[in-house]
Amino acid sequence: GSANYLDDYEEGTWTIRLSDGSVNAGSATGYYTKIGDTVFVRGAIGNVNVGSFNSGSDLQIIGLPFAISSSKNGFQRTSGTVSVDNIAFDGYLTLETGFASNTELRLVENISGSAADRVTVGQYTNNSADLWIQAVYPTDN
């Protein structure tokens with residue numbers, strides 16, 4: 001019946017950039033699909049000059065096509081995959097959304113027996129690191 005019709009579907013592109021929270025760099029095209037309040041994003045960015053970034057700041061992937069949900073408390077963390085070249089880390093990497101109402105992702109190091117830790121700019125090899133991402137997150141839009 002009509003209760004099963006899809007009434008909120010959108011596809012498009014978004015501009016992937018890297019940031020340290022103050023300075024932005026790089027530019028690549030990513031793709032998204034939004035179904036209801038769920039956004040699926042994918043894309044790649046690499047060889048970005050982050051020389052002007054603060055090396056101790058969290059490395060951020062910015063420019064998500066929709067703001068992260070502020071009403072779904074506890075569900076702001078994303079699920080997805082990330083593949084990298086020339087980024088130093090321990091354990092394995094996952095993606096997390098930044099903060100509610102923002103449009104960023106962060107890489108998180110998950111180390112057995114330790115607290116999770118965000119990847120910093122200093123772990124990114126300037127002008128040669130590459131990131132491939134695919135993620136899902138909730139939105140209020």
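The values are calculated or read from the model by the stated rules, or taken from the named source; none is laboratory data. These figures come from a predicted structure and were not determined experimentally. Here the Cβ is made from the backbone with ideal geometry for all residues, glycine too, and neighbour counts use every protein chain on show. To get the accessible areas, we keep the full protein, side chains included, count just its heavy atoms, and leave off ligands, DNA and RNA. Shrake-Rupley method; radii C 1.70, N 1.55, O 1.52, S 1.80 Å.
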Go through the range 62-100 and count every residue that is at pLDDT 90 or above, under 15 Å from VAL39 (Cβ atoms) and either small (Gly, Ala, Ser) or assigned to a loop (DSSP other than H, G, I, E, B) (or both).
5
Filter the range 99-141 down to the residues that are in contact with a helix residue (DSSP H, G or I) (Cβ under 9 Å, 6 or more places away or on another chain) and without any contact (Cβ under 8 Å) to a residue 24 or more places away in the chain and list them by number.
GLU109
For THR97, all conditions in the list (1) hydroxyl-bearing (Ser, Thr, Tyr); (2) touching a Ser or Thr at 6+ places or on another chain (Cβ under 8 Å); (3) open to solvent by 40 Å² or more (accessible area, probe 1.4 Å) hold save one; what is the number of the exception?
(3)
Unique match (being farther than 23 Å from GLY113 by Cα, open to solvent by 60 Å² or more (accessible area, probe 1.4 Å), among the polar types (S, T, N, Q) and at pLDDT 95 or above) among THR29, THR33:
THR29
On the phi > 0 side of the Ramachandran plot and over 16 Å from the mean Cα position of the chain (by Cα): is that true of ASN49 in this structure?
no
Can VAL84 be described as in contact with a strand residue (DSSP E or B) (Cβ under 8 Å, 6 or more places away or on another chain) and without any contact (Cβ under 8 Å) to a residue 60 or more places away in the chain?
yes
Taking the range 108-129 and keeping only residues that are loosely packed, with under 12 Cβ neighbours inside 10 Å and farther than 13 Å from GLU96 by Cβ, one is left with SER112, GLY113, SER114, ALA115
So if I check each of ILE16, ILE45, which one is among the β-branched types (Val, Ile, Thr), surrounded by 14 or more Cβ atoms within 10 Å (Cβ to Cβ) and closer than 18 Å to ASN86 by Cα?
ILE45
What are the residues in the range 17-61 that are out of contact with any strand residue (DSSP E or B) (no Cβ under 9 Å at 6 or more places or on another chain) and assigned to a strand (DSSP E or B), if any?
none
